[in-house]
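Every number here is computed from the coordinates shown, using simple stated rules; none is lab data. The structure presented is a predicted model; accordingly, all values stated were derived computationally and were not measured. In this analysis, Cβ positions are derived from the backbone assuming ideal geometry, glycine residues included, and neighbour counts consider all displayed protein chains.
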Amino acid sequence: MTSSVGRPKHVDRAGEIIRSLSPRALGTVWLLGRGEAQTQVAIADQLACTPPAVSKHLRALSELAVPLVEKLGSRYTVTSAGYAVLDVVNELLIDRRDGLSTIDWSGADDRTMLQTALAPLTTTRSSQLFTVLSAFTSVGSFDASLSAPFTGTVSRAALIETATSMHSGTGASRRTLRRRLAALASNDCIELAADTITVTEKGTAQLWLFSELVQIVEVHESETPETIPESDNGQLKDRTVVGFSPTTSDTVVEPTLCVDDEPVVAIPESITVDELLDMASELGRQYDGSQSLTRKWTTVRTS
């Protein structure tokens, strides 16, 4: 599947996700998503690290612009974006180790293998590297696809020109972008020549991973309001919801508790944790307990 990069914001946020995926952070999401370890102590045991280290990973993963985990009560759960990221990384690793299910998360060798497979993407501190990656999909007829591992060559000059244009105003010089290309070359993702760049099999896989994560960010942001409506004496202010046309500017989002996906009780913005638990308990007394209770943002019209 050919993936197209999105706006610079999507590129930056996809890069933020990739940089967060150290082997133990990825293992934290995997174990939590599989339901094999629901407590930080249990996750730490399987990752051969300490519970405070797991807590640090969970907090960082939940604070991403596109969170991979979220805290519900006293426990964390994997978000829809988190599951999507796991699916993409799992497919990337299928050819190496039959996917994530075969990883020994406590083993240093497997963690090193993961880090090598994803380097330099997960080891860079520079957002400019992801600008360079996005430039690859804009130059020539490059196909970022796992089914087409060898991509031929692209023009080195055209790639740097495109990346420079994408990163205009950020202080990224051509010299800086050449260093990012050198990092990709040192990690066997590309081969550099005087006038051309040849993308290797590993580089193609990483470009595919990056393009897929850009799509995950795009989906997440098309479904999530950019801002939560402010309260005005207990009332929600009108706000346009991302994805709605200007003709529906009187649309607002309302947080609700839902029973079997049906909105039941509106949640005040100023509610405390104890009050929210009391609301959930009251719903539990009203229903027979077989229904599922969720929290959702519901779009409503003010007119």
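Under a 5 Å amide H cut-off, with hydrogens placed 1.01 Å from N, T196 pairs with R156 among residues at least 5 apart or on other chains.
What is the calculated FRET efficiency for A65 to D87, with r their C-beta to C-beta distance and R₀ = 22 Å, to the nearest 0.05? Don't skip to the end; give the middle numbers.
Numbers: r = 20 Å, r/R0 = 0.90.
For R0 = 22 Å, the calculated efficiency reads 0.65.
Under a model in which nothing but the beta-carbon of Lys, Arg (+1) and Asp, Glu (-1) is charged, segment 22-118 shows a dipole of about 360 debye around its Cα centre. When the Cα positions of A84, A117, L72 are compared along the charge dipole of segment 22-118, L72 comes out farthest toward the positive end, with charges on each C-beta of Lys, Arg, Asp and Glu. Between R175 and E16, the FRET efficiency from the beta-carbon distance, with R0 = 25 Å, is close to 0.55.
For L192, L31, L213, what ranking results if the residue with the fewest other Cβ atoms within 10 Å of its Cβ goes first?
On the way: L192 15, L31 22, L213 28.
Ascending Cβ contact count within 10 Å gives the list L192, L31, L213.
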